[in-house]
Structure formats: structure tokens, C-alpha cells
Amino acid sequence: MGAGDEGPHPGPPGEVYDRRGHSRSDCPPGQGSRREDEDDLADLIETLGFAPAFVAGNSFGASTALGPAGRHPELFRGILAHEPPLLGVVADDPGSGPLLAETGRRLASVVDRLRAGEPLAGARQFVEEVAFGPGEWERMPDRVRETFRVNAPTFADEQGDPGWAELDLAGLSGYTGPALLTKGSESPPWFAGIVGRLSGALPQAATYTFEGAGHIPHVTHPTEYVRRVTALGALGRRAP
């Protein structure tokens, strides 16, 4: 959910796209799936001649970037993934149980509002109760709030995909290139568990915490975010 530029970023800086149902991309009829988004990413990298590409993704876009990395490792030179909401990979962690249950209740409440035809209220509730925190909706520029509102129905559709929060960790281990998994110090604590599980699956994974940041460090801490992307790029260019 959110602005179109919160999805994967394939290719050189400035090469971005809107996932299905977001901003300038069409929304096909019927239930969608993250696998469709993943296949779109792989097709774009191949069709545009970017392979092997550096790909940076945030939130659901990070999940979308990680999914095809195990199936098509040859398409990726380096991956930066910030806080993918892959709740399924920590579903067996007893310490995360209460937090995940509460997050599930909040997500369900957001989806109920969206399916009741309340995209503005649902978008605001998502921002303040799930992803960013109280008061963050009012701090957002008008254009960002409007993008959240317009794209909100796609979020409800994404939640209808039974595999939206899952990832094949064994398959992910097939990607052996550089990967940087990041989280914000101010984000919900269950992201740390997800980052830990992913780090254990990726042979060349490094982790990093953006101090003072939350779910959108590319917006709140752009200089540090660019520094991390640049460092990953340099590492990827040295890789055999």
C-alpha cells in the first residue's frame, strides 16, 4: 500500500515503476497475487535489458523483490530490501506471537474499512495503526496522502492473496549475490525477526538498522539511504 515509488526499483537510479493497481498501472480484474508482481519484476528486468540488476524495494516491494531472487538469481546483481512484511516467516516464533496477532487484527480492521468503500479512512488507519505510527498521516504531504487513498483498494486485494506474507526461504538461499536487509529503529519490533530469518537464508546477506527511522527511510533519511544503496552497488560490482 502506498506510493508507486515504494515498490521495487530495478535498473539505474531513476528507473522505477508502479506495481499492478498502483498509481499509473492498471488494475486487472479478479484476485491478484504477489507472484504476479514478482513475475512482472522479472519480465521488466529481462525486457528492458537490465539483467543483472540492482533492485531496491521497500515494504511489500521488498517482498516482491525477494520472491523472484531465488527462482531467477541470474537477474539480480544486488538486492536492498527494507522491512518486507513477510509475517509468515516468523509465524512459528513464540516470542512474536502476541505482536503478530495484534498486527493481524489491525490489518483485518483496515481491510474491512476498505471493502466497505472507505478508502480514505482505511488508508489513514493503515498509516497510523499498522505501518508508521500515530500522527504520521497529518505529517504527510497532501500528494502522498492522496496516493495512499487512490491505491488503497489494491491493498485490500493484496490481503486477499493467501501467500502475501509467505516466502520460500529454502528457495531464497539460491540467490548467492550481495543482499542488504534493513529495518528502522522506530518500526514495529516484529520486523527484526523477519530480517533475522531472511538473513539466515541468504548466503551473502548483511543487515543494517536506520537509527531514528521507521518504515520509509528513503523519505525520512534519504542521505543515509542513498549511502547504503551506493555501498551495495559498489559491492555488487566487485562480485564475480
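The values are calculated or read from the model by the stated rules, or taken from the named source; none is laboratory data. Here the structure is a predicted model, which means the values were calculated and not measured. For neighbour counting, all protein chains shown are included, and Cβ atoms are generated from backbone atoms with ideal geometry for every residue, glycine included. Surface accessibility is based on the protein's heavy atoms, side chains included, excluding ligands, DNA and RNA. Shrake-Rupley method; radii C 1.70, N 1.55, O 1.52, S 1.80 Å.
Of the residues Pro134, Ala201, Pro28, the one whose Cα sits farthest towards the positive end of the charge dipole of the chain is Ala201 (charges of +1 on Lys and Arg Cβ, -1 on Asp and Glu Cβ, taken about the Cα centre). What fraction, in whole percent, of alpha-carbon pairs in the stretch 113-237 exceed 22 Å separation? Counting pairs separated by more than 22 Å, the tail of P(r) holds 50 percent. Projecting the Cα positions of Thr220, Ala42, Leu107 onto the charge dipole of the chain (unit charges on Cβ atoms of Lys, Arg, Asp and Glu, taken about the Cα centre) puts Thr220 furthest along the positive direction. Mean sequence separation of contacting Cα pairs (under 8 Å, at least six apart), scaled by the length of the chain, corresponds to a relative contact order of 23 percent.
Computed with a 1.4 Å probe over protein heavy atoms only, the accessible area of Asp26 comes to about 130 Å². His221 contributes about 60 Å² of solvent-accessible surface, heavy atoms of the protein only, 1.4 Å probe.
Database remark: amide H of Gly184 closer than 5 angstrom to the amide H of Phe210 (H placed geometrically; neighbours at sequence offset of 5 or more, or on other chains; Pro and chain starts carry no H).
Normalised Debye scattering of the chain at q = 0.08, 0.09, 0.10, 0.14 Å⁻¹ gives log10 I(q)/I(0) of -0.27, -0.34, -0.43, -0.88, counting only Cα atoms as equal scatterers and leaving out solvent.
For the stretch 119-163, the square roots of the Cα gyration tensor eigenvalues, ordered a ≥ b ≥ c, give a/c of at least 1.5 with a/b no greater than b/c, which places it in the oblate category. Evaluating 6.51 cos²θ - 1.76 cosθ + 1.60 at θ = phi - 60° for every residue in the stretch 115-126, the Karplus couplings come out as 6, 8, x, 10, x, 5, 5, x, 5, 5, 5, 4 Hz, glycine and proline recorded as x. Our coupling estimate for the stretch 42-58, obtained by passing each phi through the Karplus curve with A = 6.51, B = -1.76, C = 1.60 and θ = phi - 60°, is 4, 5, 5, 4, 5, 5, 8, x, 8, 5, x, 10, 7, 10, 10, x, 10 Hz, Gly and Pro reported as x. Asp161 contributes about 20 Å² of solvent-accessible surface, heavy atoms of the protein only, 1.4 Å probe.
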